[in-house]
Amino acid sequence: MTPAPTPAPVHLHDILDAAARSHPDAPAVVWQETTLTYRELAAASASAASVLRAHGVRRGSRVLVSAADGHAVAAAVYAASRLGAVFSVLHEDVRGAPLIHVLDDAEAALLVTDDEAAEQTAHERGCCACALRSCGPATPPTACRIRAPSPPTRPA
C-alpha cells in the first residue's frame, strides 16, 4: 500500500493570505479605535517583510517583536512568518535587564519595537533594532530607524 502524500506545511501567513482572498474587507485586527481588514493586514505584512528582508532577516532568523501598536505587532509577526523567521512577541513593558536577558538568550537577529530605549538596548547588545511605524489602514508600515548592531557585549 502506498502511503498518502504528506500535505504541504501551512504557515501563519498562508492563513492570513487565504482570509485576505476570501474575506478581504472583513476586520482582521482591531486596536484602539482603528481596524485593519485582512487585505490591509496582508499588504502591511508583505511591506514589513520587505523591510525585514532588507535588514538581513532570513529563514531561521530570530525576530523579537515588542510594540504598543497592535497593528505593528500583527504586521511584524506575519512578516516574520513570510520570511520563515522564528518570532516571539514580548510584552511592550519588557525593558531593562529582562529585555537584555531575552535578547541574549534568544540570540535575536532583530528587535522590532516602537520604544527608543528598547531600540538602544538592542543596539548595545549587538542586535539590530527596527521601528515599524504607521501600520494603520491608511499607511503601510515603514522602517523609521534600523540600527546596525554594536560589537556584542554578551558574556563569554
Tally time: how many residues in the stretch 66-98 are under 20 Å from Leu36 (Cα atoms), in contact with a helix residue (DSSP H, G or I) (Cβ under 7 Å, 6 or more places away or on another chain) and in a loop (DSSP other than H, G, I, E, B)? 1
Within the group Thr34, Thr2, which residue is among the β-branched types (Val, Ile, Thr), open to solvent by 40 Å² or more (accessible area, probe 1.4 Å) and free of Cβ contacts under 8 Å to residues at least 24 places away in the same chain? Thr2
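I'd like the full set of residues that are under 20 Å from Val77 (Cβ atoms) and of a type in the set (Val, Ile, Thr), limited to the stretch 1-36.
Val10, Ile15, Val29, Val30, Thr34, Thr35, listed by residue number.
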Identify all residues within the stretch 104-128 that are closer than 14 Å to Leu52 by Cβ, touching a helix residue (DSSP H, G or I) at 6+ places or on another chain (Cβ under 7 Å) and in a loop (DSSP other than H, G, I, E, B); write none if there are none. Cys127
If Ala106 satisfies all but one of (1) without any contact (Cβ under 8 Å) to a residue 24 or more places away in the chain; (2) surrounded by fewer than 19 Cβ atoms within 10 Å (Cβ to Cβ); (3) more than 23 Å from Val30 (Cα to Cα), what's the number of the condition it fails? (1)
Only one residue in Ala79, Ala108, Ala75 is farther than 22 Å from Ala20 by Cβ and of a type in the set (Gly, Ala, Ser). Which one? Ala108
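Determine whether the stretch 41-56 contains at least one residue that is in a strand (DSSP E or B) and within 21 Å of Leu110 (Cα to Cα).
So far as the stretch 41-56 goes, no, none of its residues is in a strand (DSSP E or B) and within 21 Å of Leu110 (Cα to Cα).
Within the stretch 8-20, can one find any residue that is in a helix (DSSP H, G or I), modelled with pLDDT of 90 or more and open to solvent by 80 Å² or more (accessible area, probe 1.4 Å)?
Yes.
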Given the criteria without any contact (Cβ under 8 Å) to a residue 40 or more places away in the chain, in contact with a Ser or Thr (Cβ under 8 Å, 6 or more places away or on another chain), surrounded by fewer than 18 Cβ atoms within 10 Å (Cβ to Cβ) and not in a strand (DSSP E or B), does His101 qualify? no
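One line per residue, one yes/no per condition, for (1) within 9 Å of the chain's Cα centre (by Cα); (2) open to solvent by 30 Å² or more (accessible area, probe 1.4 Å); (3) within 16 Å of Ala131 (Cβ to Cβ):
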site	(1), (2), (3)
Ala42	no, no, no
Arg59	no, yes, no
Ala67	no, no, yes
Ala79	yes, no, yes
Arg82	no, yes, no
Phe87	yes, yes, no
His91	no, yes, no
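The values are calculated or read from the model by the stated rules, or taken from the named source; none is laboratory data. Quick caveat: nothing in here was measured; it's all calculated off a predicted structure. With ideal geometry, Cβ positions are generated from the backbone for all residues, glycine too; neighbour counts draw on all protein chains shown. Ligands, DNA and RNA are stripped out before the accessible areas are found, and what is left, the full protein with its side chains, is counted by its heavy atoms. Shrake-Rupley method; radii C 1.70, N 1.55, O 1.52, S 1.80 Å.
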